[in-house]
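> I have a structure I would like to understand better, so I am pasting it below and will then ask my questions one at a time.
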Amino acid sequence: QGVWLQPSSKRYYLYSALASGVLGFVNDQNEGSVGLEAKYDDTLTGTAGYTVSARNAAGTALLYPYEQYYDAENGHNLVLTLNTNVQLSLENGLESMLKKYGAKNGGTGIVMDVNTGAIVAMASYPNYDLNEPGVLFDDALKAKLETALAKIDANRSSYESEEKYAEARSEAINNAVQTQWRNKCIDSTYEPGSTFKPITLAAALEEGKVTKNSTFYCSGSTRVQGWNKAIWCSKHSGHGQQTLIEAVGHSCNPAFIQIGQRLGLEKFYNYFEAFGMTEQTGIDLPGEASLKDAYWSREKMTNVDLAVASFGQRFEVTPLQMITAFAATVNGGDLVKPYVVQSVSTRDKTVVENTQPTVVRQVVSQETSQRVSKILESVVSEGTGKNAYVAGYRIGGKTGSSETQEEGRTIVSFMGFAPADDPEVIALLAYDKPQEASPGSHYSTTGVYISGGNMAAPKIGPLLADILDYMGVEKKYT
């Protein structure tokens, strides 16, 4: 017997929970488990060195020694598109609003270069500390687990054996831990609601079905053939006669139903596909959600589907899909492929791989895109997105409040971009199921009406202002 040393290594994450959903972590065997650590495990790990020598069956060196040495090869480094300052600003803003409004299912946030698809920041809540991935980090998630375990304990006698009882507890704990590891920006789908309206708008402008002089009448609701219920506008008393710009600023559902009808099923679906609603983005992160059953096939889509799809309901996308599609309406018309790894380099900083921006396809013309940008700027300056306004900066955007098929669950969101006259950056914030003061009240426990304009827009404006300030974009006052 003897004493020997076993070499080992441990990965330390200096920023703890920052960007945890993107970075991921390594397990006890130093293997990448989730996120970039899993996706690029082989690239980051390198190759261990070893020696080949000649020995007999007993392990004794032969009379004529033979040894050959193979040097270890260091793994490569990843240079990311993430900006630490923007990531911190995004996470702080997202977390503060989640706590303020008690969003039961957490939330997501993405900041992207509108022209290249480079992800500047990405956050998903609940999150976790990368240095202790097995420890629950979120208070709401801890409380949810405690409730689940209490229920299991209360029904302990109903389990067939102690082993089954232990398995139930273990499964509950594992589910909670797995929940905090998820990056819901890419692995979860949701109904986008009114943040989808710019896609319908861009398609209709491109096809010449609407112009800035088009008018729409809103009585507060409308009916569609094949559906026996009224489809309501957010303003039940109606907006009356309104121009296209006013209809977008009001986020008027009846107006967008009319716009969708002018496009028709065939053309609407063409643009639905072209904007990437039926395909994964192909981002360089693992776990992008499957879109199976997330939308209707072209053959099965009905006029009722067209009506509700025109304002972003009854189909699902990932937050990442939504931000890339929205970006295409304001960046000159290009659907870009998002990415988080800018380059792969050696220890001496020699670049071995470099990511170039990829345009998947041009969806609408530059002229149409400029028209959309101008209209969406008026949403912030005069419409439902006015809470995102920041003096000195030209910001455009769109609110979103989608009432899902789950009773009492609303997802509120806001998509903003800036500068509105020459977009450089775009951001999305979404909160899943803000807590209602009472069932069906539509008001939060803080007395705020549950909507993207009230809950998400107030954080998007300052976030974009911080980013523009960081980029050196000067404020211009009129």
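The values are calculated or read from the model by the stated rules, or taken from the named source; none is laboratory data. Every value quoted in this text rests on a predicted model; they were computed, and no experiment measured them. Note that we place each Cβ from the backbone using ideal geometry, even for glycine, and neighbour counts take in every protein chain shown. Calculation scope for accessible area: heavy atoms of the full protein, side chains included, ligands and nucleic acids excluded. Shrake-Rupley method; radii C 1.70, N 1.55, O 1.52, S 1.80 Å.
> Do any GluC sites (Glu not before Pro) in the range 241-311 lie in a loop, going by DSSP, with at most 16 other beta-carbon atoms within 10 Å of their beta carbon, and if so which?
Sparse-neighbourhood loop GluC sites (Glu not before Pro): GLU279, GLU299.
> Another question, then. Using just the helices of the chain, give the 222 nm mean residue ellipticity in deg cm²/dmol: DSSP H runs with n ≥ 4 each add -39,500 (n - 2.57), and the total is spread over all residues, rounded to 500.
The per-residue figure over the chain is -10500 deg cm²/dmol.
> Using a probe of 1.4 angstrom, how much of the accessible area of the chain is carbon and sulfur, in percent?
The C+S portion of the solvent-accessible surface of the chain is 47 percent.
> Moving on to the next point. So with the 1.4 Å probe, I'd like the accessible area per residue for the chain, rounded to whole Å².
Per-residue accessible area for the chain comes out at 50 Å².
> Now for a separate question. For VAL380, what is the net charge nearby, where nearby means another residue's Cβ is under 11 Å from its Cβ and Lys, Arg count +1, Asp, Glu -1?
+1
> Given the C-alpha centroids of the range 324-396 and the range 228-290, what is the distance between them in whole angstrom?
About 19 Å separates the Cα centre of the range 324-396 from the one of the range 228-290.
> Still on this structure, I have one more. Roughly how many Å² of THR84 are accessible to a 1.4 Å probe, to the nearest 10?
About 60 Å², ignoring ligands and nucleic acids.
> I've got another one for you. Give me the accessible area of ARG156, 1.4 Å probe, in Å² rounded to the nearest 10.
Near enough 110 Å² of accessible area.
> Oh, and also: With a point put 7 Å past each Cα toward its Cβ, work out how far SER297 is from VAL351 in nm, to one decimal.
4.5 nm
> Note down the relative contact order for the chain as a percent, whole number, built from C-alpha pairs under 8 angstrom at least six residues apart.
17 percent
> Hey, what angle do you get for helix 162-181 against the long axis of the chain, alpha-carbon based, 0 to 90 degrees rounded to 10?
60 degrees
> Could you work out the longest stretch of the chain that avoids the chymotrypsin sites (Phe, Trp or Tyr not before Pro) located in DSSP loops with at most 10 other Cβ atoms within 10 Å?
67-476
> Classify the range 73-129 from the C-alpha gyration tensor, please: rounded if a/c falls under 1.5, else prolate or oblate depending on whether a/b exceeds b/c.
Taking the square roots of the gyration eigenvalues as a ≥ b ≥ c, the range 73-129 is prolate.
> Moving on to the next point. Rounded, prolate or oblate, given the Cα gyration tensor of the range 200-273, with a/c below 1.5 counting as rounded?
Oblate.
> If a/c stays under 1.5 just call it rounded; otherwise compare a/b with b/c (prolate if a/b is bigger, oblate if not). Do that for the range 31-184, with a ≥ b ≥ c from the square roots of the Cα gyration tensor eigenvalues.
Oblate is the answer for the range 31-184, as a/c is 1.5 or above yet b/c matches or exceeds a/b.
> Taking the Cα atoms only, what angle lies between the long axis of helix 319-330 and the longest principal axis of the chain, rounded to 10 degrees?
Tilt relative to the chain: about 50 degrees.
> For THR355, tell me the accessible area in Å² from a 1.4 Å probe, rounded to the nearest 10.
So the heavy atoms of THR355 present about 40 Å² to solvent.
> Projected area of the chain, taken from the Cα convex hull and averaged over every viewing direction, in nm²?
31.8 nm²
> Ok, one more. Can you list the aspartates and glutamates whose alpha carbon sits under 18 Å from that of LYS235, skipping same-chain ones fewer than 8 residues off?
Within the straight-line limit of under 18 Å, LYS235 reaches these aspartates and glutamates: GLU246, GLU382, GLU403.
> Within the range 172-229, how many lysine pairs that are 8 or more places apart, or on different chains, have C-alpha atoms less than 27 Å apart?
Total qualifying Lys-Lys pairs in the range 172-229 comes to 5.
> Sticking with this one: What would the Debye equation give as log₁₀ I(q)/I(0) for the range 109-151 at q = 0.13, 0.19, 0.31 Å⁻¹, counting only Cα atoms as equal point scatterers?
Normalising to I(0) and taking log10 leaves -0.46, -0.69, -1.01.
> Only loop residues by DSSP count here, and only those with at most 10 other Cβ atoms within 10 Å; note down the GluC sites (Glu not before Pro) in the range 130-206 that meet that.
Answer in residue order: GLU160.
> What order do LYS475, LYS144 take when sorted by accessible area (1.4 Å probe), most exposed first?
Descending accessible area places them as LYS144, LYS475.
> Right, next: Compute the relative contact order of the range 233-381 as a whole-number percentage, counting only Cα pairs closer than 8 Å that sit 6 or more residues apart in sequence.
Over the range 233-381, the number comes to 24 percent.
> Of the listed pairs LYS99/LYS386; LYS10/LYS39; LYS10/LYS144; LYS104/LYS337; LYS398/LYS475, which have alpha-carbon separations greater than 27 Å here?
Beyond 27 Å between Cα atoms: LYS10/LYS144; LYS104/LYS337.
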